[in-house]
Amino acid sequence: VSEVVTTLSSRSWGFEATVDYQIMPALSLTGNVTYSNHEISDSPNAALVGKELERKPNWYSNAALVYDDGAFDANFSWNYQSDAFANNANTVVLPSYSLFRVGAGYTIDLGDDEIRVGASVFNLFDSQGLAEGSPRVGNGQTAGGEFFVGRPILPRRVTVTASYAF
């Protein structure tokens, strides 16, 4: 067994914008968008210079509609990630994906204490895809093979919560 250490230098620039708009006293719309332009600027492997960094998309964004009147709360949110590459050679594309989430809860005021019960659904529309490739496979990862090592988007799931604050 031998450890292989790869040293890279990278260059990037980007921007981020955030919005939080109060529609009504208990209802707001929030969101942000991030753009990152990134590339390998120096590498022992000259073929990698100018390539995008592995597992780093150019675009991230999210938006949420949030209602909270102090007793009842609800939210609907969307997250987006653009295409990325599974390796620094940029030979394996990880397609873009969107995830949606919905949640609601109710808080019971007990004076100095409170109880909140809630439920949420992650990946509401059961989107499928790959969140990232394997960092351990590196440039050995290939597209179109019989197997692909990576982390899939987690499937739809429902979470029920109860909390007591004192």
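Summary value for the chain: 16 percent relative contact order, contacts being C-alpha pairs under 8 angstrom separated by 6+ residues. The charge dipole of the chain, taken about its Cα centre with unit charges on the Cβ atoms of Lys, Arg (+1), Asp and Glu (-1) only, comes to about 640 debye. The residues packed around ILE108, meaning those with a beta-carbon under 12 Å from its beta-carbon, carry a net charge of -2 if Lys and Arg are +1 and Asp and Glu are -1.
Between ASP83, ASP69, ASP126, the GNM of the chain built on Cα springs shorter than 10 angstrom shows ASP69 fluctuating the most. Surface composition of the chain: carbon plus sulfur atoms contribute 56% of the solvent-accessible area (1.4 Å probe, protein chains only, all chains present). Ranked from largest to smallest solvent-accessible area, with a 1.4 Å probe on the protein heavy atoms, THR18, THR161 come out as THR18, THR161.
Between the listed residues TYR67, VAL121, LEU48, the Cα displaced farthest toward the positive end of the dipole of the stretch 31-166, a dipole computed from Cβ unit charges relative to the Cα centre, is found at LEU48.
Report the residues of the stretch 95-109 in range of a label on MET24: point 7 Å along Cα→C-beta, backbone N strictly under 17 Å from it. Only 105 pass the distance filter.
Solvent-accessible area per residue in the stretch 1-156 equals 62 Å², computed with a 1.4 angstrom probe and all protein chains kept.
The values are calculated or read from the model by the stated rules, or taken from the named source; none is laboratory data. Nothing here was measured: the structure is a model prediction, and the numbers come from that model. All Cβ positions, even for glycine, are placed from backbone atoms using ideal geometry, and neighbour counts span all protein chains on display. SASA here: full protein model, heavy atoms, side chains in, ligands and nucleic acids out. Shrake-Rupley method; radii C 1.70, N 1.55, O 1.52, S 1.80 Å.
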